[in-house]
Amino acid sequence: MKRNGLIKSTKYFIPIVLIGCMLNACKVKKDKDIITIERLLNEMVSVEEQARFPAPFYTAKQVSSYDRSSVSADSAHWFANADGFGIVRTDTVDGRIEKVLFDERGPGAITRIWITTIDKRGTWRFYFDGQKEPGWTIPAYDLMKFGISALGKGLLQAHTSYTPEGKGGNTLFLPIPYAKSCKVTFEDDKGRGPTPKYYQINYRTYKTGIQMETFSKKVAQRAAETIWKTDSLLLNPTPGKGKNINKIQSLAPGDSLVLPLPKGQQAVYEISFKINSSDNADHAQVMRDLLFKAIFDGKQTIWVPLSDFSGGGIGSPLVKSWYLNADGHGTIKSRWLMPYKQHGTLILHNATTKTISVSVIANVAPLTWDSRSLYFYASWRQQRNIPVHDKPEEDDQVKEWNFATLKGRGIYKGDVLTLYNYSPAWYGEGDEKIWVDNDTFPSHFGTGTEDYYNSSWAPVVPFQTPFGGAPRADQESSHGYNTFFRIRHLDGIAFKEKLKFNIEMLSWIKGKVNYATTVYWYGDQHATAQKTSGVNEATSILPAIPEDLGKYKVKDAIEFEDIKPESKSPMIRVNKQSMYAFSSGKWSGAAQTFGSGGQPGDTLVYVIDQLQNGRKYDLIILGTKSSDYGILTFLINGRPTNINFDGYHDGVISSQIALGKYLPVHGKIRIVIKIRGANKKMQGKQYLFGLDCIQLIKN
């Protein structure tokens, strides 16, 4: 009986073991199919996966605070610019007034959050999968307070304008997956009036049935190490893993360096360029006139000036990012993966008028080609003297410029905007608008050019991040040369038929710009880029670097914006104002102290100290005239000057006010500026005034 029992037990034991193995196998397969935050983070830093058509497929879109009066290109307000107040709707939750910024059905994942404001007080809430209680909260309009310690400068970046308590914003690239739905809201602190809350939220939506693991505190804790490793890797990419193939050549004008690549299913993992030019003064033109081309399996997929391909644009300045690096002196490294099935050739063509010594090193390794594989494309276009307009309400005067139009199947991975701004003021007030496949309204509608490039509050200063930056911004005003650069990892835009990218040509003042865009993307062999430019545009003479008005300083002068009033009437407000936009005058340091809120009789007092007793000083104030400025009078050391300065003018101009010669009292001169009234022609009753600087000239 024991033997029979043993055999009976064994008989049933085998199927049970098999069933257990099958269940475990199913669990493994199920776990593998679930899209987790770790899987998304691994995708972010996999150059191989970034180069493939997505599977499972997703649609990429963006929700933003764009002005909701923009409804159609065929109707008024298409260029409306009140971009800080657009929301989905307002919800009342347990007595709280919550502005809904994002409300999408899943399965999906947020891939990028960009925000900025002037008042951070309030609370962000993330509601997942229809839950009534938030699954995540942020105690301010500030992603720096997201609450995950593993987040560093790779995945979370403060903008250059950021201040912890006041103005400024930040960008978060941590993926936030959700299985069924995600709603994001913001509640202002009680008693706070509405202030602009700018935001862009990029996200993916997968087909129904795709399994996602919803983001939560537990998930964030489990993924902490992966978050930290991804953050570190974004800042310190690993080198290429293949074989190096190199060529050094002295290129005469019109010559090309041609580098054949190994045959078969391969991929270029890295390309390093070294340009040796003895003419440093002509470096920008040389780098622009060197043309980088690539042919894969019989099709040219890359045609870009080398300076622009580097991510730095005109001048080829310093670049430090995930895919591209440049030292600003002719050394460039690309980590864009470039797969091919059979043949590949890299070409560097010298379209300059000089002989240039160049070297190219390609790191190549085998890579299997399959149905998801795509070719790497880099396409370029330029247009000069494009008008920019300063009044968004004048729809018939504002234009959209085509950044890129792509046809075929592919994925949009990033771009460079390098430009010359002819006017001495900010050029980039326009929003990006991107249509994908059958979109009838842009699925990506932005809030401003600098916002698209992960910055905020123009003008912009140079900055670098793994996801791009602003490699060049010559002047605080944005006059002259500027370059923006953006790389898309998880926020890449997959398209099956076509993609169109336009940008509004809006600025602070009317003017003109030269725009050149380099677009990085992956596509199949039949994909094409429309409206690209050629060698004539690439080799056009670059405009001269303009005078920097911010460096203009009046001799022996003290800037009013650099000194604090000793006292002032309570209603007067004084702030520093940039004067770059006003070309009809010239202001020391391109700025002034702007006074507002005052009425006749109100005063503003400045004390200039550390002066030499017994020595007279000529006092000259440089002020501003405008159509809404009042009349000022002055008292020096308690005595009236009988000088009235009429600030009215039908334009904006700088003007000199000679106050006379004065002796310091105890080493000080006390200046009282008093609002006396207004010219009858003054617009409104604001009694505004502008003070540039004060000269103290020893006699």
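Scoring W508 on the criteria (1) assigned to a loop (DSSP other than H, G, I, E, B); (2) modelled with pLDDT of 95 or more; (3) crowded, with 17+ Cβ neighbours inside 10 Å leaves a single failure, condition (2).
Taking the criterion of being within 19 Å of Q610 (Cβ to Cβ) and not aliphatic (A, V, I, L, M), the residues of segment 629-671 that qualify are N637, K661, Y662, P664, H666, G667, K668, R670.
The residues in segment 195-230 that are within 24 Å of I493 (Cβ to Cβ) and under 22 Å from the mean Cα position of the chain (by Cα) can be counted, and the count is 8.
A residue that is assigned to a strand (DSSP E or B), touching a Leu at 6+ places or on another chain (Cβ under 9 Å) and more than 28 Å from I97 (Cβ to Cβ) cannot be found anywhere in segment 179-202.
Name every residue in segment 313-328 that is in a loop (DSSP other than H, G, I, E, B), farther than 14 Å from W380 by Cβ and in contact (Cβ under 8 Å) with a residue 24 or more places away in the chain, in order of residue number. Before you say what the answer is, go through the steps one by one.
Within segment 313-328, the subset in a loop (DSSP other than H, G, I, E, B) is 313-317, 321-323, 328.
Filter again for farther than 14 Å from W380 by Cβ, leaving 315-317, 321-323, 328.
Once the filter is applied, which keeps residues that are in a loop (DSSP other than H, G, I, E, B), farther than 14 Å from W380 by Cβ and in contact (Cβ under 8 Å) with a residue 24 or more places away in the chain, segment 313-328 yields G315, S316, P317, S321, W322, Y323.
Just one of the listed residues (L374, L337, L367, L417) is assigned by TED's automatic domain parsing to the domain that holds L251, in contact with a strand residue (DSSP E or B) (Cβ under 6 Å, 6 or more places away or on another chain) and over 27 Å from L259 (Cα atoms), and it is L417. Only residues that are surrounded by 15 or more Cβ atoms within 10 Å (Cβ to Cβ) and either under 29 Å from D628 (Cα atoms) or β-branched (V, I, T) (or both) were counted across segment 655-678, and they come to 13. In segment 272-296, the qualifying residues are those that are among the polar types (S, T, N, Q) and in contact (Cβ under 8 Å) with a residue 12 or more places away in the chain, and the one that is nearest to L259 (Cα to Cα) is S272. Quick one: would you say S569 is among the small types (G, A, S) and either under 34 Å from the mean Cα position of the chain (by Cα) or on the phi > 0 side of the Ramachandran plot (or both)? No, not satisfied.
Would a scan of segment 222-238 turn up a residue that is assigned to a strand (DSSP E or B) and in contact (Cβ under 8 Å) with a residue 12 or more places away in the chain?
No, the conditions are met nowhere in segment 222-238.
Sort through K680, K668, K685 and tell me the only one that's assigned by TED's automatic domain parsing to the domain that holds G601 and at pLDDT 95 or above. Spell out the reasoning first.
Numbers: K680 fails: at pLDDT 95 or above; K685 fails: at pLDDT 95 or above.
Going through K680, K668, K685 in turn, the sole match is K668.
Residues that are modelled with pLDDT of 90 or more and either closer than 12 Å to S477 by Cα or buried (at least 19 other Cβ atoms within 10 Å of the Cβ) (or both) within segment 580-596 comprise W587, S588, G589, A590, A591, Q592, T593, F594, G595, listed in sequence order. Pairing residues of segment 682-699 that are surrounded by 19 or more Cβ atoms within 10 Å (Cβ to Cβ) with residues that are of a type in the set (S, T, N, Q) and part of a loop (DSSP other than H, G, I, E, B), at Cβ distances under 9 Å and at least 6 apart in sequence or on separate chains, gives M682/S627; Y687/Q599.
The values are calculated or read from the model by the stated rules, or taken from the named source; none is laboratory data. Source: prediction; values computed, not measured. Here the Cβ is made from the backbone with ideal geometry for all residues, glycine too, and neighbour counts use every protein chain on show.
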